[in-house]
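Asker: For reference, the structure I am asking about is given below.
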C-alpha cells in the first residue's frame, strides 16, 4: 500500500495518509482521485483501473468526512512525491506502524484483514 506523509505547515502535518483529496463541485470521487493522483504523485490513472474498496466516516470538530478508499490496479508514470514530505510502500500488516489521521485508521483494519 502506498502512504504519503503530510508536509510541514499543513493540518495534521507529519501524519501518514492515503493519497487523494477533496472532491470539487460537480466531480465524482473517481474523477477526484484521478486528478489528485496526477497532482500529488505525477501518475496517470484511468477509472477502469480503480476498484472501490471501503469507506470511512469520521466527524472532526469543524466538519464530517466521508472518505472512499479505492484500490488502484495499474497506472502510467513513476510515483513521485509532489506535495508530500515522503512516500512509503507498506505491507498491509505494517500500516499500523505509521501514525495516521483518525479518519484513516478504520481503513487500516480493512486493508490488513482483507488484502
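Asker: Quick one: residue 44 ticks every box in (1) surrounded by 10 or more Cβ atoms within 10 Å (Cβ to Cβ); (2) closer than 20 Å to residue 100 by Cβ bar one, so which box is it?
Answerer: (2)
Asker: Here is a follow-up. Being crowded, with 16+ Cβ neighbours inside 10 Å and within 11 Å of the chain's Cα centre (by Cα) is the filter; apply it to segment 14-32 and report the residue that is farthest from residue 100 (Cα to Cα).
Answerer: 20
Asker: In the set 54, 90, which member is closer than 26 Å to residue 9 by Cα, in contact (Cβ under 8 Å) with a residue 24 or more places away in the chain, surrounded by 14 or more Cβ atoms within 10 Å (Cβ to Cβ) and touching a strand residue (DSSP E or B) at 6+ places or on another chain (Cβ under 9 Å)?
Answerer: 90 is the lone residue from the list that is closer than 26 Å to residue 9 by Cα, in contact (Cβ under 8 Å) with a residue 24 or more places away in the chain, surrounded by 14 or more Cβ atoms within 10 Å (Cβ to Cβ) and touching a strand residue (DSSP E or B) at 6+ places or on another chain (Cβ under 9 Å).
Asker: In segment 97-115, which residues are exposed (fewer than 14 other Cβ atoms within 10 Å of the Cβ), part of a helix (DSSP H, G or I) and at pLDDT below 95?
Answerer: Correct list: 109, 113, 114.
The values are calculated or read from the model by the stated rules, or taken from the named source; none is laboratory data. This is a predicted model, so every value here is computed, not measured. Because the Cβ atoms are built from the backbone with ideal geometry, glycine has one as well, and the counts that use them run over all protein chains shown.
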